[in-house]
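Shown next, in structure tokens, is the structure this report addresses.
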Amino acid sequence: MHIFEGNANQLDSGEFGYFIRTRFQDLAFQAGILLVILTGFAIPVSTSLTSVCNLGIFICWGISGQYRVTFACFKKYRIVTISVLLFCCLACSLIYTPEILSLASRNLFKYRQFLMMPIYLTFFMDPRARKRGIQMFELAMIVTLIASLICWMFSIEGSVRLMDHAIFKNRITQNILMSFLVYLAAWKFLEHPARRWPYALLAVIATYNILAIVPGRSGYVALGILIGLLMYQRLGVKGILPAAAFVGLIGLVTYQHSERFQNRIDQVVKEIREYRISNKSRSSVDLRLEFYGNGLQIAKSSPFMGSGIGSFSIKYRELMEQKGQVFTENPHNEYVMLLVQNGIIGVGLFLGFFWVSWQATRGLTGIEQALGQAVLAVYLFVCMVNSLMLDTTEGCLFGYLVGLTLAGGITGIKVVQQEDHLKSTADPLSQAEPAREAA
């Protein structure tokens with residue numbers, strides 16, 4: 001029976017037992033905590049820095065002995081169990097993939113967040129570490145927001161990224177990440193409106209940045225989902241209709257006053273109409289529709305286990321040679337990608353991961369529960385229009401925030417340093433003294 005589903009009151013720390021940590025291992029553990037906190041800032045800012053932090057975290061995880069906590073969690077915490085099982089399922093498809101092993105392994109490595117998540121989790125057992133991790137992510141996004149506003153106000157030109165007023169990442173990634181800043185700011189404001197009014201201002205500015213400055217339509221979707229979720233979390237089922245009305249009102253006002261937002265929405269409508277009439281695809285939306293249809297056609301050849309990790313590009317190229325359509329290595333839909341490469345089994349485990357994670361958040365409280373549910377909701381739906389798990393930043397952020405928030409369900413791990421343990425066991429008087437006091 002899995003007892004660690006986010007309810008600390010049900011936790012029996014004896015299930016993990018004691019393990020002895022030397023002074024050097026304890027230093028490695030502390031270094032690991034600092035690195036996971038820093039990773040919250042690194043993910044939105046730099047891919048290279050994120051990779052360095054992850055390597056350091058992995059080394060500290062091994063040296064400090066935290067792998068023993070991960071192994072214990074694998075048996076007791078279902079989210080860790082299914083995360084590892086999902087990655088193992090993807091890895092097993094290396095056996096039958098038609099892609100060469102080096103390229104297939106590279107594709108598998110893009111799903112490393114499902115292995116990193118249990119590692120992050122073991123370093124975030126301290127509530128203070130979780131708080132600092134969230135704050136570092138917020139800091140990175142505030143820096144991004146300020147830089148984006150400066151780029152927009154002073155019309156700084158340069159690369160395509162700067163022309164879209166995206167700073168460290170592309171417009172799609174930045175808008176998705178910025179939507180989480182809007183959510184965090186709005187949530188904190190609603191907790192204490194009188195004392196935290198600056199968060200309301202931050203949420204408004206970040207929302208304007210998403211809708212009127214940076215043209216990333218996936219961010220529009222993510223923002224709408226998070227507004228609806230926030231009202232559902234606050235008002236329950238009664239908040240669904242007001243949320244829909246509020247999102248519609250924001251969209252209507254922005255459409256009337258923002259030429260950039262209006263052009264992006266008009267483009268979506270135009271491409272869908274033209275695709276239905278002529279079935280010709282030349283732009284992002286209608287190309288996606290073509291990718292989805294062709295991907296489902298490919299999946300029919302091996303519906304249960306798929307064609308193997310990394311096989312999508314090979315299978316799609318073979319089909320395009322017959323149809324003469326545009327080739328792609330990415331269908332921009334995580335479910336289609338998994339269905340082609342890992343079949344119904346892979347998609348089922350992927351959806352199972354979301355289900356188990358959502359159930360785990362129900363035992364949490366405060367910002368950890370709220371943010372955990374926000375991450376799951378956004379990725380569940382936005383994966384329908386983007387292969388978020390294949391994208392380095394989005395994939396790393398997913399593993400990071402899920403590990404951070406769900407670590408709130410694990411407390412009371414008993415760890416002692418070797419010096420203190422040896423001292424207490426070597427001196428029988430130190431053990432007898434409590435007995436005398438009790439007598």
(request) Only Lys, Arg, Asp and Glu count, each charged at its Cβ (+1, +1, -1, -1), so figure out the dipole size of the range 60-160 about its Cα centre, rounded to 20 debye. (result) 580 debye
(request) Subtracting the Cα-Cα distance from 0.36 nm times the residue separation, let me have the gained length for Thr365 to Ile146 in nm, one decimal. (result) 75.7 nm
(request) Would you mind checking the radius of gyration and Dmax of the range 21-147 based on alpha-carbon positions, in Å? (result) 16.3, 49
(request) Calculate, for Arg106 and Trp355, the FRET efficiency according to 1/(1 + (r/R0)^6) with r their C-beta to C-beta distance and R0 35 Å; round to the nearest 0.05. (result) 0.75
(message) Please list, short to long, the whole-number percent of alpha-carbon pairs of the range 135-267 in consecutive 10 angstrom bins beginning at zero.
(response) 13, 42, 34, 10, 1
(message) Taking just the alpha carbons, could you work out the radius of gyration and Dmax for the range 185-241, both in angstroms?
(response) 12.4, 33
(request) Specify the inter-centroid distance of the range 351-378 and the range 214-249, based on alpha-carbon positions, in whole Å. (result) 17 Å
(request) Go through the range 388-400 residue by residue and turn each phi into a ³J(HN,Hα) via Karplus (6.51, -1.76, 1.60, θ = phi - 60°); whole Hz please, and just put x for glycine and proline. (result) 5, 6, 7, 7, 4, 5, 5, x, 4, 5, 4, x, 5
(request) Over the range 25-67, with every protein chain in place, what whole percent of the accessible area is carbon and sulfur at 1.4 Å, could you tell me? (result) 78 percent
(message) Expected output is a single nm value to one decimal: the length gained when fully extending between Lys238 and Leu319, i.e. 0.36 nm times separation in residues minus the C-alpha distance. What is it?
(response) 24.4 nm
(request) Return the carbon/sulfur percentage of the accessible area of the range 324-419, one whole number, probe 1.4 Å, all protein chains in place. (result) 60 percent
(request) Just list whichever of Lys76/Lys131; Lys270/Lys315; Lys110/Lys169 have alpha carbons separated by over 19 Å in the model shown. (result) Lys76/Lys131; Lys270/Lys315
(request) Positive end of the charge dipole of the range 13-109 (Lys, Arg +1 and Asp, Glu -1 on Cβ, about the Cα centre): tell me which of Ser64, Leu35, Leu49 has its Cα farthest that way. (result) Ser64
(request) Have a look at the range 334-403 and give its Rg and Dmax from the Cα atoms, expressed in angstrom. (result) 12.4, 39
(message) Keeping every protein chain present and rolling a 1.4 Å probe, give me the accessible area per residue for the range 131-226 in Å².
(response) 44 Å²
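The values are calculated or read from the model by the stated rules, or taken from the named source; none is laboratory data. Quick caveat: nothing in here was measured; it's all calculated off a predicted structure. Neighbour counts run over all protein chains shown; Cβ positions are idealised from the backbone, glycine included. The area values use the complete protein model at the heavy-atom level, side chains included, leaving out ligands, DNA and RNA. Shrake-Rupley method; radii C 1.70, N 1.55, O 1.52, S 1.80 Å.
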